[in-house]
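Trainee: Below is one structure. I have some questions about it.
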Amino acid sequence: MKSTLAWALALVMVAAAWSVTVLTPADDAGSDAFVTDVAVGERGSGRNIAATVGAVTIAKSVTAESGWNATGNWVVIEVTAEASSDQVHGLLSLATLKIGDRTYSASERGPDEMTLYRTQLVPGVPQTGSLLFEVPENALRGSVILRLATSTTPWGDSILQVNIDLDAADRVGSTQIADVDWAAG
């Protein structure tokens, strides 16, 4: 009787230990961002960012209002964005384009006023501008994912995610990039 009880107790303890290992969350559990999927032309809103993605253009050359220009393979995305809750944490610090298994950050080339990337967003006052991504020529087709956030490490924060079809994008030799400006109300 004692050995049967000992074996039963041992099996219960093994089952309990197995349950604990299965049910224990991973070390990085809880650090994922809250992703909001948004369509092109649709306004998406997260904890401290609200944005609408407009036109998508693929160009061989981009020129800023100041006259600065660059050649390459550019994906130019028009965005209107604002902070949702506070200005202190409203810097558009994450703007990436995921193409296949590679992720490209928005370009920092050119004058600051040319890109919405790293612009201080203000609650209730939308700004409009472009995000520029320089990518390899073979990456200019298919479906890509634009991700926008006000934190480079949005643990437990929100990310706006926009699926974009580059096959449907306008293709031009060169395009003029308007400076970041307040959006028309």
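The values are calculated or read from the model by the stated rules, or taken from the named source; none is laboratory data. These numbers were taken from a predicted model, which means no experiment stands behind them. In this analysis, Cβ positions are derived from the backbone assuming ideal geometry, glycine residues included, and neighbour counts consider all displayed protein chains.
Trainee: If you check Ala81, Ala64, Ala95, which single one turns out to be surrounded by 20 or more Cβ atoms within 10 Å (Cβ to Cβ), at pLDDT 95 or above, under 17 Å from Asn163 (Cβ atoms) and not aromatic (Phe, Trp, Tyr)?
Mentor: Ala95
Trainee: Would you mind telling me which numbered condition in (1) assigned to a strand (DSSP E or B); (2) touching a helix residue (DSSP H, G or I) at 6+ places or on another chain (Cβ under 6 Å) Gln176 fails?
Mentor: (2)
Trainee: A further question on this structure: Check Arg141, Arg109 and return the single one that is within 23 Å of Ile58 (Cβ to Cβ), surrounded by fewer than 17 Cβ atoms within 10 Å (Cβ to Cβ) and in contact with a Leu (Cβ under 6 Å, 6 or more places away or on another chain). Lay out the reasoning, then the answer.
Mentor: On the way: Arg109 fails: in contact with a Leu (Cβ under 6 Å, 6 or more places away or on another chain).
The unique qualifying residue is Arg141.
Trainee: Right, next: Could we say that Gln120 is free of Cβ contacts under 8 Å to residues at least 60 places away in the same chain and farther than 17 Å from Val40 by Cα here?
Mentor: Values: free of Cβ contacts under 8 Å to residues at least 60 places away in the same chain: yes; farther than 17 Å from Val40 by Cα: yes.
So Gln120 passes the test.
Trainee: OK, next. From Val22, Val40, Val76, which residue is surrounded by fewer than 14 Cβ atoms within 10 Å (Cβ to Cβ) and either part of a strand (DSSP E or B) or not small (Gly, Ala, Ser) (or both)? Please lay out each step first, then the result.
Mentor: On the way: Val40 fails: surrounded by fewer than 14 Cβ atoms within 10 Å (Cβ to Cβ); Val76 fails: surrounded by fewer than 14 Cβ atoms within 10 Å (Cβ to Cβ).
Only one candidate qualifies: Val22.
Trainee: Follow-up question, since we're still on this one. Name the pairs: first residue in region 160-185 and free of Cβ contacts under 8 Å to residues at least 60 places away in the same chain and exposed (fewer than 12 other Cβ atoms within 10 Å of the Cβ), second residue not in a strand (DSSP E or B) and not β-branched (Val, Ile, Thr), Cβ to Cβ under 6 Å, at least 6 apart or on different chains?
Mentor: Asp167/Arg141
Trainee: May I pose another question? Among the residues of region 99-113, is there at least one that is among the basic types (Lys, Arg), out of contact with any Ser or Thr (no Cβ under 6 Å at 6 or more places or on another chain) and touching a residue at least 40 places away in the same chain (Cβ under 8 Å)? Break it down into steps so the answer makes sense when it comes.
Mentor: From region 99-113, those among the basic types (Lys, Arg) are 102, 109; that's our starting set.
Right, trim to out of contact with any Ser or Thr (no Cβ under 6 Å at 6 or more places or on another chain) and you get 102, 109.
Keeping just the survivors that are touching a residue at least 40 places away in the same chain (Cβ under 8 Å) gives none.
No, there is no match, as no residue in region 99-113 is among the basic types (Lys, Arg), out of contact with any Ser or Thr (no Cβ under 6 Å at 6 or more places or on another chain) and touching a residue at least 40 places away in the same chain (Cβ under 8 Å).
Trainee: Further question on the same structure: Exactly one condition in (1) closer than 14 Å to Ile164 by Cβ; (2) in a loop (DSSP other than H, G, I, E, B); (3) more than 14 Å from the chain's Cα centre (by Cα) is not met by Ala55; state its number.
Mentor: Of the numbered conditions (1) closer than 14 Å to Ile164 by Cβ; (2) in a loop (DSSP other than H, G, I, E, B); (3) more than 14 Å from the chain's Cα centre (by Cα), the odd one out for Ala55 is (2).
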